[in-house]
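Following: one structure in structure tokens, then a few remarks.
The values are calculated or read from the model by the stated rules, or taken from the named source; none is laboratory data. Bear in mind the structure is a predicted one, so any value in this text is a computation, not a measurement. Neighbour counts run over all protein chains shown; Cβ positions are idealised from the backbone, glycine included.
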Amino acid sequence: MGKVLKMQHKFLSNNCCFHPDDNKHALRRDSLMVQKRPVFHTLARIAFVALLCLALCGGAAQAYELILKAPSQIQRGMPLVVNGTSNLPPGISVDIVLYKSGHVTEELARQTVTLQANNEFSVVFDTTGYTKGVYKAEVPAISGYSYLGDSVTLRVIEIIDRSDEIVFKAFTSQEMDGTLDIEGTISGLENSGVQIGVTGPKGEPVFGPAYITVKSDSSFSTQVPVKEPGTYNISFTDAKGYIGTIMVMVKEKPEATTPPTVVPTTNPIVSASAPASRDRPATFTVVTGGPGTIRAFTSSGIDWVIEYTDPEGKTVKVNEKGSVGNEEIIFDTTEDVVVLKVYPYSYAAEGEVLLSADGAVRVEGSAPSTPATQAGTTSTAEPSSPLPVIGVVVAVLAAVAIVVIRRKW
């Protein structure tokens, strides 16, 4: 019996891994657990307090995310599109404000959007009239709401102005003749091309966008068919992007009217004529004789343009009467000489133009065969001086005398 008990004890020892020292290990483990319990209790209390604080703070102002998106750079005159996303509750109104950065921040525009269920919003700012510089779009703080750290509520935008690269030489006010004249120069695009697009009075596309040729002297010109009067916008773009927009007003062609009766004056009317085309204007020199008021007018039959430089140095172009009347300007001058240029409005037209001036001493045309004349008189050429003829006769007589003397000797 004792032998059996010993064998069972050995079997249990071998299979259950029981050791007499296991009681000691168990006591030690229980002691350590008792020591760690205060630490666990402290951590649990801290976590509970933190969760309670978050719950209390969340009841006052919950933290949301708002991301604002805008281009870092844009050309002046192009629409500035500002987009955004937010998980703020739908129905909340959000302001997007555009500021001009500088020594003093200036608010330029403000738009309000109401958030929808898709969490997205978008606004567009018109940059027409803005100067080049640094601007910023911002969403101000909303009372009762706070943003998470990943939120972006401000974007910096640089507005670039390249409109000074274009010199538009065609008239910005043109008569309705079925075509829109586009002419000018653009720097930096010699021997290449510039893309233009034309929109009509209702914003409808009229031409392009399409490229037109820029010559070696930086000039460009084309004509675009138009069907109605109104305001036309011509936009210019190159490989770098948008350059600028030129606005041209197309007016109805005036109807033929009876020319107004000219009140006769005591001053003589002097005139001169010269051939003129759009590419080669006729140049007239008006001798005023001193300070005074001058009235200059052209002949009719062709739609003429009179161009001159005012006392401030600005180029003035006058084209109001069309082909049915005499183009006319009246100006005060302190100069003794005033230079006027006259040329047809249309590139296809050319002809002889008569420029008359009331109050001037004389008018000299650019053509050498066109002397200035007074109205109602006929100019005659000055008789040539007889002195050259007398000199020839004297020389011939002297030669004959020399021959006679030699023969006698």
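Tabulated results
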quantity	calculated
Residue in region 118-139 that is in the same structural domain as VAL82 (by TED's automatic domain parsing), in contact with a Ser or Thr (Cβ under 8 Å, 6 or more places away or on another chain) and among the small types (Gly, Ala, Ser) present	yes
Residues located in region 297-316, provided they are among the charged types (D, E, K, R) and surrounded by 14 or more Cβ atoms within 10 Å (Cβ to Cβ)	ASP303, GLU307
Residues (of a type in the set (Val, Ile, Thr) and modelled with pLDDT of 80 or more) located in region 361-376	VAL361, VAL363
Subset of region 207-221 (residues that are surrounded by fewer than 18 Cβ atoms within 10 Å (Cβ to Cβ) and assigned to a strand (DSSP E or B))	GLY208, PRO209, ALA210, TYR211, ILE212, THR213, SER219, SER221
Total residues in region 183-206, condition in a strand (DSSP E or B) and of a type in the set (S, T, N, Q)	4
Given (1) in contact with a Leu (Cβ under 7 Å, 6 or more places away or on another chain); (2) more than 19 Å from LEU148 (Cβ to Cβ); (3) not hydrophobic (A, V, I, L, M, F, W, C), index of the condition GLU106 fails	(1)
Contacts under 6 angstrom Cβ, first residue in region 341-360 being of a type in the set (Ser, Thr, Tyr), partner outside any strand (DSSP E or B), 6 or more apart	TYR343/ARG278; TYR343/PRO281; TYR345/ASP303; TYR345/ASN319; TYR347/ARG278
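Table: residues versus (1) of a type outside the set (Gly, Ala, Ser); (2) at pLDDT 65 or above; (3) within 21 Å of VAL152 (Cα to Cα); (4) outside the structural domain of LEU148 (by TED's automatic domain parsing).
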{"position": "ARG29", "(1), (2), (3), (4)": "yes, no, no, yes"}
{"position": "MET33", "(1), (2), (3), (4)": "yes, no, no, yes"}
{"position": "THR42", "(1), (2), (3), (4)": "yes, yes, no, yes"}
{"position": "GLY77", "(1), (2), (3), (4)": "no, yes, no, no"}
{"position": "VAL81", "(1), (2), (3), (4)": "yes, yes, yes, no"}
{"position": "ASP95", "(1), (2), (3), (4)": "yes, yes, yes, no"}
{"position": "TYR99", "(1), (2), (3), (4)": "yes, yes, yes, no"}
{"position": "THR105", "(1), (2), (3), (4)": "yes, yes, yes, no"}
